[in-house]
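The values are calculated or read from the model by the stated rules, or taken from the named source; none is laboratory data. Keep in mind that what you see is a predicted model, and the values were worked out from it rather than measured. FYI the Cβ positions are ideal-geometry reconstructions off the backbone, even for glycines, and counts take in every protein chain you see.
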Amino acid sequence: MPIPYGKQWVSDEDVASVAASLQDDWITMGPRVDQFESDIARLAGTRGAVAVTSGTAALHAAYAGIGVGHGDEVITTPLTFVATASTAVMRGASVTFADVEPDTGNIDPESVRALMSPKTRVVSAVDFAGHPAELDLLLPIAHDSGAVLLEDAAHSIGSDYREKPVGSIADVTTFSFFPTKNVTTGEGGAVVARDEGILERTRRFRSHGLVRDSALQRYPDEGAWHQEVHEFGLNYRLPDILCALGISQLRRIHEFKERRQTIFDRYVAGLQDVEGITLPAHRPYVSPMWHLFPIRVQDGRRREVFDRLRSQGIIVQVNYIPAYWHPVFEDLGYRRGMCPNAEEYYREEISLPMFASLTDSDQDVVIDAVRTAVGA
């Protein structure tokens, strides 16, 4: 059987939770959405959360909640899935790409500082592989220019930065619950924010922009059925069925984190003496919820090693093609060479299988295959 690079871990309790939700009167827009949002907020150390249909929807809704629009600039990293940047462009903003730190692959605060301008509305940091970005450095850089720090924590729910949970530090944080992520709802995402106004605008955006509170309506005397749209939104509502899975999954998050850390440590022990590869960095003040185990293959051998591992049924992945390499950004005038550290990281990176239900025996197969492929 092939060994995938990522996979959900669904228990009997998860199945029972979803099955029970199907017996309720509400299978969407019901009480399990409220509970899931409360559970996320508690984990993240915030006062509220907004559940949405995907990590991409979380980014789009968060930019809307912040008020990103035409004439604004968003500074982000190219070492991310394209959605971190594309959703800002879809709001009418221009995107500027900052380079990354060579060791963690996270956005480099000094590169961000050099790029800040009066148009910068948001700095979007990505917690690559589950290792949080340098949030304590990025916050003042953003705030000194009147910008908002958004943390794309698609990889890092459950991580801690300087003993604070991810979600409690940046102005706005987004999560993803795709099956390969640390917690899954099948498809899904969430937004947390320190500012209640941002959170409320995000909540409104994920439900078509509807205003149901008569105190906020322009024509409140129309009748009890009345609702208004003041700003356009989309249907990004996450149904109760999927929230039921998320509620159950969050109960196991500490188990997931502990298992992922064990897998990380076993990879380090099994590969640390292999010449020709670089293992992922881990800052001492960070407690990551590891989403990826990225190795870097030196001497231009990444594709050779990647192909060898795939041929043996080890479904490694590459994270990520620099966002501005995609033709859609090329057509907007972006050119290769803009962020040399990110491009060098991409040229060498391979993500090994990393998921909480990965067995020791399968991991040993991966370790032996990497050692053989590299020539250790």
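Numbers below:
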read-out: D171 being over 18 Å from L199 (Cβ atoms) and surrounded by fewer than 24 Cβ atoms within 10 Å (Cβ to Cβ); value: no
read-out: Selection status of S357, in contact (Cβ under 8 Å) with a residue 40 or more places away in the chain, closer than 25 Å to D265 by Cα and surrounded by fewer than 21 Cβ atoms within 10 Å (Cβ to Cβ); value: yes
read-out: Members of the range 292-318 found to be over 20 Å from V100 (Cα atoms) and in a helix (DSSP H, G or I), listed by number; value: R303, E304, V305, F306, D307, R308, L309, R310, S311
read-out: 2 or more residues over 17 Å from G67 (Cβ atoms): qualifying helices (runs of 4 or more DSSP H) within the range 166-272; value: 240-250, 253-271
read-out: Number of the exception - M289 against (1) in the same structural domain as D152 (by TED's automatic domain parsing); (2) crowded, with 17+ Cβ neighbours inside 10 Å; (3) in a loop (DSSP other than H, G, I, E, B); value: (1)
read-out: Candidate set: the range 319-333, residues that are among the aromatic types (F, W, Y) and part of a helix (DSSP H, G or I); chosen: the one surrounded by the fewest Cβ atoms within 10 Å (Cβ to Cβ); value: W325
read-out: Of residues in the range 60-114 being hydroxyl-bearing (S, T, Y) and within 20 Å of R203 (Cα to Cα), the one nearest to the chain's Cα centre (by Cα); value: T84
read-out: I321 being within 28 Å of K164 (Cα to Cα), out of contact with any Cys (no Cβ under 6 Å at 6 or more places or on another chain) and among the aliphatic types (A, V, I, L, M); value: no
read-out: Neighbours by Cβ (under 7 Å, 6+ apart or cross-chain): first from the range 71-82, over 16 Å from D99 (Cβ atoms); second crowded, with 20+ Cβ neighbours inside 10 Å and of a type in the set (D, E, K, R); value: D72/R121; E73/R121
read-out: V274 vs. criteria more than 30 Å from P165 (Cα to Cα) and either β-branched (V, I, T) or touching a Ser or Thr at 6+ places or on another chain (Cβ under 6 Å) (or both); value: yes
read-out: Sole residue being under 19 Å from H208 (Cβ atoms) and either assigned to a helix (DSSP H, G or I) or at pLDDT below 95 (or both), chosen from A41, A51, A61; value: A61
read-out: Within the range 118-130, considering residues that are in contact with a strand residue (DSSP E or B) (Cβ under 6 Å, 6 or more places away or on another chain) and not basic (K, R), the one farthest from T173 (Cα to Cα); value: T120
read-out: Check on T185, in the same structural domain as T56 (by TED's automatic domain parsing) and over 17 Å from H60 (Cα atoms); value: yes
read-out: Test: G55 is small (G, A, S), out of contact with any Pro (no Cβ under 8 Å at 6 or more places or on another chain), in the same structural domain as F177 (by TED's automatic domain parsing) and farther than 14 Å from V172 by Cα; value: no
read-out: Residues satisfying the stated conditions in the range 148-158, i.e. outside any strand (DSSP E or B) and under 17 Å from I107 (Cα atoms); value: A153, A154, H155, S156
read-out: Residue satisfying all of: in the range 1-14; out of contact with any Gly (no Cβ under 6 Å at 6 or more places or on another chain), exposed (fewer than 13 other Cβ atoms within 10 Å of the Cβ) and at pLDDT 95 or above; farthest from C243 (Cα to Cα) among these; value: D12
read-out: Any hit, the range 94-103, residues being assigned to a helix (DSSP H, G or I) and either touching a strand residue (DSSP E or B) at 6+ places or on another chain (Cβ under 7 Å) or without any contact (Cβ under 8 Å) to a residue 24 or more places away in the chain (or both); value: no
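Condition check ((1) in contact (Cβ under 8 Å) with a residue 24 or more places away in the chain; (2) outside the structural domain of L79 (by TED's automatic domain parsing); (3) more than 20 Å from P322 (Cβ to Cβ); (4) of a type in the set (F, W, Y)) across all residues:
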{"site": "E110", "(1), (2), (3), (4)": "no, no, no, no"}
{"site": "V122", "(1), (2), (3), (4)": "yes, no, no, no"}
{"site": "D136", "(1), (2), (3), (4)": "yes, no, yes, no"}
{"site": "S145", "(1), (2), (3), (4)": "yes, no, yes, no"}
{"site": "S159", "(1), (2), (3), (4)": "yes, no, yes, no"}
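Okay, residues lined up against (1) closer than 25 Å to R296 by Cα; (2) surrounded by fewer than 24 Cβ atoms within 10 Å (Cβ to Cβ):
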position	(1), (2)
S94	no, yes
V122	no, no
A133	yes, no
L139	no, yes
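Residue-by-condition table, conditions (1) more than 20 Å from the chain's Cα centre (by Cα); (2) closer than 29 Å to I107 by Cα; (3) not small (G, A, S):
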residue	(1), (2), (3)
V318	no, yes, yes
P322	no, yes, yes
D331	yes, yes, yes
G337	yes, yes, no
I350	no, yes, yes
T359	yes, no, yes
Q363	yes, no, yes
A369	yes, no, no
G375	yes, no, no
